[in-house]
Amino acid sequence: MKKSLYFFQNGMLRRKENSLYFEGESMKRFFPVEDINDIFIFGEVEVNKKLLEFISQKNIILHFFNHYGYYTGSYYPREHLNAGLVILKQAEHYLNPDQRLLLAKKFVTGSIAQMSRVLKYYRNRVKENAEHIAQSIEGLEENIKKVKGIQTIDELLAIEGHSRENYYTNFDVIIQNQDFPFEKRSARPPLNRLNAMISFGNTILYTTALSEIYKTFLDPRIGYLHSTNYRRFTLNLDVAEIFKPILVDRTIFSLINKRKIQKKDFAKQMEGILLNQEGQKKFIQELDERMKTTVEHRHLGKSVSYRRLIRLELYKLQKHFLGEKEYEPYKSLW
């Protein structure tokens, strides 16, 4: 399986023969290019044209983040899978209001169903307030039914927002750690440690989904729940909605409940709270391991990684655009 590279040190990244070479403050290392899926840069890393040409040939995306862990942009190489018909159909599904709404509903129902699945998992493991979790599950499943009658994207976004608010009320019940209260959702900037983890994890998942889109015939600029506008990429945001509960949120619960991440892994910045570099490393290590975890795929009859599931989700969208099979979002079995 190809892997993602994460660079937190300052240094330079270069091509040396048929490998990547990183020279940093305390590390000098070669990386075989055939083993690399994508690259995430958090430190002050110098790159040059020769490197960009090389990773373009190898179809590797380069993602950049600033000092605070915020996504700043990607070096998105020239598309290597040319399929004008797929992109044309993808655009047609956006321009047709009924087809766009259908897909947006699929993303929202998929997202809410995953929230419900996560709560069901913890309902059987939390001794106190299990009744509150049960009530939230009931509310989420009721919202899934309501989605069918929704007529506009704005209404759909509203019910998705209400569902997430309902879902978030269970975080304190699941975590039960005074150092990580939820309080309320805050993003830019996050106002507490838990929100800092949610924002950071979502950002990493968005860029991972973008990397997977690059390996398909799809255009990442055409989304359905998230409007296609002046924002560069939107389809990755749509697809990530389905996987945030089972990848990002489960990672957060694991890190806190196993005490792998603590108060010392955060810093107050820009009137908010953010993960410091050590905290970012711990989070990425845990999330990366989770993405490599395999689960049984009911249709393929074999085990696949969570990261592979993201790619399979995109293949299902391609079939939907081409009229081969209606898209149905992934549903976790556990």
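Confirm whether N170 is of a type in the set (S, T, N, Q) and closer than 22 Å to K260 by Cβ.
Values: of a type in the set (S, T, N, Q): yes; closer than 22 Å to K260 by Cβ: yes.
When the stated conditions are applied, N170 passes them.
Okay, residues lined up against (1) surrounded by 15 or more Cβ atoms within 10 Å (Cβ to Cβ); (2) over 30 Å from L275 (Cβ atoms):
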position	(1), (2)
Q57	no, yes
I61	yes, no
G73	no, no
G84	no, yes
A91	yes, yes
Y94	yes, yes
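A single member of E278, E289 is touching a helix residue (DSSP H, G or I) at 6+ places or on another chain (Cβ under 6 Å), charged (D, E, K, R) and without any contact (Cβ under 8 Å) to a residue 24 or more places away in the chain, and it is E278.
So that you can scan it fast, the table gives a plain yes or no per residue for (1) of a type outside the set (A, V, I, L, M, F, W, C); (2) surrounded by fewer than 23 Cβ atoms within 10 Å (Cβ to Cβ); (3) farther than 20 Å from L194 by Cα:
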| position | (1), (2), (3) |
| --- | --- |
| N236 | yes, no, yes |
| L247 | no, no, no |
| F253 | no, yes, no |
| Q262 | yes, yes, no |
| D265 | yes, yes, no |
| Q277 | yes, yes, no |
| K281 | yes, yes, no |
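For the stretch 227-278, taking the residues that are more than 16 Å from the chain's Cα centre (by Cα) and of a type in the set (S, T, Y), the one that is farthest from L101 (Cα to Cα) is identified as S254.
The residue pairs whose first member lies in the stretch 185-196 and is of a type in the set (K, R), whose second member is in a loop (DSSP other than H, G, I, E, B) and buried (at least 16 other Cβ atoms within 10 Å of the Cβ), and whose beta carbons are closer than 8 Å, counting only pairs six or more residues apart or on different chains, are R193/F180. Within the stretch 153-161, one or more residues are under 28 Å from E271 (Cβ atoms) and buried (at least 18 other Cβ atoms within 10 Å of the Cβ). Which members of the stretch 34-43 meet the condition of being of a type outside the set (F, W, Y) and out of contact with any Ser or Thr (no Cβ under 6 Å at 6 or more places or on another chain)? Passing the criteria: E34, D35, I36, I39, I41, G43.
Kindly indicate which of R185, R164 is in contact with a helix residue (DSSP H, G or I) (Cβ under 9 Å, 6 or more places away or on another chain), part of a loop (DSSP other than H, G, I, E, B) and surrounded by 14 or more Cβ atoms within 10 Å (Cβ to Cβ).
On the way: R164 fails: part of a loop (DSSP other than H, G, I, E, B).
It is R185.
Can you tell me which residue in the stretch 122-148 is farthest from S111 (Cα to Cα), limited to those that are in a helix (DSSP H, G or I) and in contact (Cβ under 8 Å) with a residue 40 or more places away in the chain? Don't jump to the end; show me each part of the working.
Taking the stretch 122-148 and keeping what is in a helix (DSSP H, G or I), we get 122-123, 130-147.
Still in the list and also in contact (Cβ under 8 Å) with a residue 40 or more places away in the chain: 122, 132-133, 147.
Details: Y122: 17, H132: 20, I133: 17, V147: 12 Å.
Ranking the candidates gives H132 first.
Regarding the stretch 92-102, can at least one residue be identified that is at pLDDT 90 or above, assigned to a helix (DSSP H, G or I), in the same structural domain as R221 (by TED's automatic domain parsing) and within 19 Å of K331 (Cβ to Cβ)? Within the stretch 92-102, one or more residues are at pLDDT 90 or above, assigned to a helix (DSSP H, G or I), in the same structural domain as R221 (by TED's automatic domain parsing) and within 19 Å of K331 (Cβ to Cβ).
The values are calculated or read from the model by the stated rules, or taken from the named source; none is laboratory data. None of these values were measured; they are calculated from a predicted model. As a convention, Cβ positions derive from the backbone with ideal geometry for all residues, glycine included, and neighbour counts pool all protein chains shown.
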